[in-house]
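Please read the structure below before turning to the comments.
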Amino acid sequence: MFGSVAVSTHSINDYTPIVGQAAIDELRRLAKPLEGKRILALSSPGASGAVRSLLHSSVPLFSDLGLDAHWQQVRVSAEFLDMDRDIRRALSGGQVEWSAEIEKAWLEFNAANARLFDEDFDIVIVHHTASVGIYDAITQLTGKRPAGAWLWDSHRDYHAAVSESWSLIRPYADHFAASIYDYKPFIRADAPTKRNVVIPPGVDPLGPRSGAVSTAMKQTIMDQRGIDPNRPILAQIVLSLREDDPLRVLDTYELVKAQRPDVQLVVVDLLGDAPDNAQALNHLRERGRAIGDVTVLTEMDRVGNVELTTLRDQATVLIHQGMPRGISIELLEEMWQAKPIVSGRSPVAEAVLTRPLVGVLADTPPEQAHAILGLLNEPATAERIGAAAKDRIAQHHLITHYLAGYLKLFQQVLPGRSGRSASE
C-alpha cells in the first residue's frame, strides 16, 4: 500500500463536556454494527489544510469508536505534479490550457497507484478527486472490481469546472457506491452515482486551531506582527479563488478607513501553490502601504495554528470574499470563535451563514464596507452575531456531527444493507 499517515490518539469521551453524553452515546450506537470494519481514507500529499484537518481529527476517532480506520496518501511522483495541479484548477473553474497530455497523464497516474493497492478494505473513501480513476484501474489490472464499498468525498463545487475536466472524471466517479458533498448546492444536476449524500465538514473543538491561547501569548504575537489590539481590526484569513482576490479586500478596507481612520487590516495568504500568487502579493503590499495600517502575512512569516487562532480572536470583524469552490472549514472555525463575519455570496456562505442571523452577506466593496461600519459602530450587534455563529456550529457543524454522518452512510453502503439513494 501507500503507507499510513501518522495521527494522534483521540478519545471520543473527551468531547462529552462539549456535546453532551447523549451525543456520544449516539455515536457509539451508530458505530457498534461497524466494529472491526476496515476503513481507508485515501488523500493526496497535496491535500488542502481543510481536508488534512478533517482526517487528522476523524480517523483516530473512528478508531476509538471501534472501527479499524486508516489514512493513506496516493503517490504523486514528479512527472504527475503538473497534471495534479491542472486537474484541481480545472475542476475548480480555474484557467487551464486543457490537452490530451493531461488526460494521458491522469490515466497513467491512476494506473501507477492501482499497482500499489494490495490490501482489501470494507470501505474506501477517496478524498482526492484526481484519484477517482483508481477503482477502474484496479479493475483493469486484476480483472475484478476491488473489494469493499468505495465512496468519493469530493470537497469541491464542480459547477464551474472546465467541461473537459468534468467529462474526464465523471464516468469514473459513477463506479462508486456514493458521492459525498460538503454542502447541498455543490451537487450538480449531472452528478455521478445514484446515492448523493451531504456530510458537512465539522469543526474539531479540541483541534489545534481551536485551543485557548493565553493573554500573554496573544500580546506577544500581536506585538511581533505590529498589530495594535486596542484598535479595530479587520482580518481576511481565508482567501477565495476569485480572480480579483486578495486585492479586492483593499477596496472594501479603503472605504471603511475613510470613515474610521483607526481601523487596521490583516490579510493572511497561505495559498503557496498559486502560480501568480507572488505578483498578487506584491501588489497587495504596495497598495496596502499606500492606504496604511495593512499587515500581510504569508507562509514565509511562519503563521501557525496559534497565530491563526490569535488573529481570529483579536479581529473585530472577519471578511470573506466568498469561497465558491472549496470545503471552507476555516469559515466554520471562525464561526466557532464567535466572530462576526462579512462574506460575499457563494454556495458555501449561503449554506452556512443563514438565518437565524449568523453573518452578513455582502458582495461589492461598498456593500461590505457598509456592513463592516455597521458592526464597528454597533458592538452589541456584532457580539450577538458572533454568538449566533458559534451556536450554529455547536448545533450542526462539529466533528461529532461529521462522524455521525459518515457512520450512517457506512451502514447504508456495506453489503447486505440498504439506505436512501436520494440527496440528503
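Read the figures in this text as sums done on the coordinates, not as results from a lab. The model shown is predicted, which means the values in this text are computed figures rather than measured ones. Cβ atoms come from the backbone with ideal geometry, glycine included; neighbour counts cover every protein chain shown.
Of the residues Phe62, Leu308, Ala41, the one whose Cα sits farthest towards the positive end of the charge dipole of the chain is Phe62 (charges of +1 on Lys and Arg Cβ, -1 on Asp and Glu Cβ, taken about the Cα centre). Packing-based ranking of 299-307, 406-414, 78-86, 381-389 yields 406-414, 381-389, 78-86, 299-307, ordered from highest to lowest mean Cβ neighbour count within 10 Å. Taking the charge dipole of the chain about its Cα centre, with +1 at Lys and Arg Cβ atoms and -1 at Asp and Glu Cβ atoms, the residue from Ile329, Pro356, Val249 reaching farthest to the positive side is Pro356. When the helices of the chain are scored as -39500 (n - 2.57) per DSSP H run of n ≥ 4 and the total is divided over every residue, the value at 222 nm lands at -13500 deg cm²/dmol. Across the cross-link table entries Lys184/Lys390; Lys32/Lys194; Lys184/Lys257; Lys218/Lys257; Lys184/Lys218; Lys144/Lys194, which are compared at the Cα atoms, the separations over 29 Å belong to Lys184/Lys257; Lys184/Lys218. Under 18 Å of direct C-alpha separation, and excluding same-chain neighbours fewer than eight residues apart, Lys37 reaches these lysines: Lys408. Comparing Cα centroids, segment 102-153 and segment 314-384 end up 39 angstrom apart.
Where both bridge residues fall in the chain, DSSP classifies roughly 5% of the beta bridges as antiparallel. Here the 3J(HN,Hα) profile of segment 85-100, calculated from phi with Karplus coefficients 6.51, -1.76 and 1.60 at θ = phi - 60°, is 5, 5, 4, 4, 5, 5, 5, 8, x, x, 7, 9, 7, 5, 8, 5 Hz, Gly and Pro shown as x. Just check segment 215-396 against the gyration tensor rule for me: Cα atoms, a ≥ b ≥ c as the square roots of the eigenvalues, rounded for a/c under 1.5, and otherwise prolate or oblate depending on whether a/b exceeds b/c. Rounded, since a/c falls under 1.5.
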